[in-house]
Amino acid sequence: MEMNIRSNNLNDYKKCLQVDITEKYREYLLTELDKYMAENIPYEEDNLKENICSMDNIKIYFEECYIYYDSNIDCFKAEYIFNGKFYKEETYEYELGKTGFVYSCVDYSFDKGV
C-alpha cells in the first residue's frame, strides 16, 4: 500500500506502509494450536511438560506454514514458507495462564534451523 504524504516543506513523497505477511498465518496457527491444546492436553501443572511432549510428532498446518513442538528446547516453532521457499522461523515459549495457555515469541530467524 502506498500513501502520498506532504512534508512541511511542501514536497510530496511516497511512503510505503509495510504489512507483516506472516500476521494472518501466525494468528491462524496459534489459534489452532490453542484449540488443539485445550482439547487434548490436560491442564495439570505438575505433568504439563510431559503432556506437551506427547505432541512431539504433531504439526499444525495452514497452507505451507506450520507450527510444531520442539522437545529439545521445550518450545513451539512456527515456520513460514511461501511459494515453496522458507521465509521465517519463530520460537514461542508457553506457560499456563488463568484461562489457558499463553504463548510468547522469544526468538525469530530468517535462516532455517537457526
Of 52, 99, 76, which is farthest on the positive side of the dipole of segment 34-114, counting Cα position, with +1 on Lys and Arg Cβ, -1 on Asp and Glu Cβ, and the Cα centre as origin? 76
Using only the alpha-carbon atoms, what does segment 20-109 span along each of its principal axes? Please give whole angstrom values in decreasing order. 41, 25, 21
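Please work out how much length the chain gains when fully extended from residue 112 to residue 73, using 0.36 nm per residue of separation minus the C-alpha to C-alpha distance, in nm with one decimal. Before the final figure, lay out the partial values.
Details: separation 39, 0.36 × 39 = 14.04 nm, distance 1.58 nm.
12.5 nm is the gain from fully extending residue 112 to residue 73.
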Going by a ≥ b ≥ c, the root eigenvalues of the Cα gyration tensor, does segment 56-114 fall in the rounded group (a/c under 1.5), the prolate group (a/b larger than b/c) or the oblate group? prolate
Least to most buried among 76, 110, 62, 82, by other C-beta atoms within 10 Å and fewest first, runs 110, 82, 62, 76
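Readers should treat all values here as calculations from the given coordinates under stated rules, not as data from a laboratory. Since the structure is predicted, the reported quantities are computational estimates derived from the model, not experimental observations. Note that we place each Cβ from the backbone using ideal geometry, even for glycine, and neighbour counts take in every protein chain shown.
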